[in-house]
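See structure below.
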Amino acid sequence: MDPITLATEADITAATRAVVTAAATEAGRIADEIIGTGPLPGTPEWEAEQSTDLPARRSIAWHLLSLRVQLAAGLDGIETVVVLRVQGATWATLGQAIGMSRQSAHERWGARSAAVLDPVGDGLPEIVPNDSPA
């Protein structure tokens, strides 16, 4: 087969998914490097944090940084947005982290994240902030 025909007609579905997965994994590695993962469970440091909001804030920060890296690399980041929403991140927090308004963040991901979080249309989980722009 002609190499140009092969290049234009080859099924690249699996290759595309592999590249997206590798990029998202690398974004997580970078978030680990910058934000950190926190103390190991069962250690005195971990025990000391359990009565604070630091573990939750660290997790949100980790995902926000991962999202920023994903977007800078040209990925969509919807999976990370869904995780952030379940963790309680507002559209304003997402927008601030990625340099857009809360309304722009909601317009970009609101319907798709709601489709994942509320697939039958009976309401978002209580933990998800009710902060959709009017």
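The values are calculated or read from the model by the stated rules, or taken from the named source; none is laboratory data. All values reported here derive from a predicted model rather than from experimental measurement. Backbone-built Cβ (ideal geometry, glycine too); neighbour counts: all protein chains shown. The protein model used for the area step is the full one, side chains on, heavy atoms only, and it has no ligands, DNA or RNA in it. Shrake-Rupley method; radii C 1.70, N 1.55, O 1.52, S 1.80 Å.
Basic side chains Lys and Arg get +1 at the Cβ, acidic Asp and Glu get -1 at the Cβ, and with that the dipole of region 11-134 about its Cα centre reaches some 340 debye.
Rounded to the nearest whole Hz, the Karplus-based 3J(HN,Hα) values (6.51 cos²θ - 1.76 cosθ + 1.60, θ = phi - 60°) of region 16-22 follow the sequence 5, 5, 5, 5, 4, 4, 4, with x at glycine and proline. Answer with a single label: of [x] 17.5, 54; [y] 18.3, 65; [z] 33.1, 120, which was calculated as Rg and Dmax of the Cα atoms in Å from the structure in view? From the options [x] 17.5, 54; [y] 18.3, 65; [z] 33.1, 120, the structure gives [y].
Rounded to the nearest Hz, the phi-derived 3J(HN,Hα) couplings of region 108-123 under the Karplus curve 6.51 cos²θ - 1.76 cosθ + 1.60 (θ = phi - 60°) are 6, 10, x, 5, 5, 5, 5, 5, 7, 7, 9, x, 9, x, 9, x, where x marks glycine and proline. Sort region 66-134 into rounded, prolate or oblate with this rule: let a ≥ b ≥ c be the square roots of the eigenvalues of the Cα gyration tensor; rounded if a/c is under 1.5, and if a/c is not under 1.5, prolate when a/b is larger than b/c, oblate otherwise. Cα axes put region 66-134 in the prolate bin. Taking every protein chain into account, the accessible area of the chain amounts to 63 square angstrom per residue (probe 1.4 Å). Calculated [222 nm] ellipticity per residue, helices only, for the chain: -20500 deg cm²/dmol; basis is -39500 (n - 2.57) per DSSP H run with n ≥ 4, divided by all residues, nearest 500. 3J(HN,Hα) couplings calculated from phi for region 40-47 with the Karplus curve 6.51 cos²θ - 1.76 cosθ + 1.60 (θ = phi - 60°) are, in sequence order, 5, x, x, 7, x, 5, 5, 4 Hz; Gly and Pro show x. Counting only protein heavy atoms and a probe of 1.4 Å, the accessible surface of region 25-134 is 56% carbon and sulfur.
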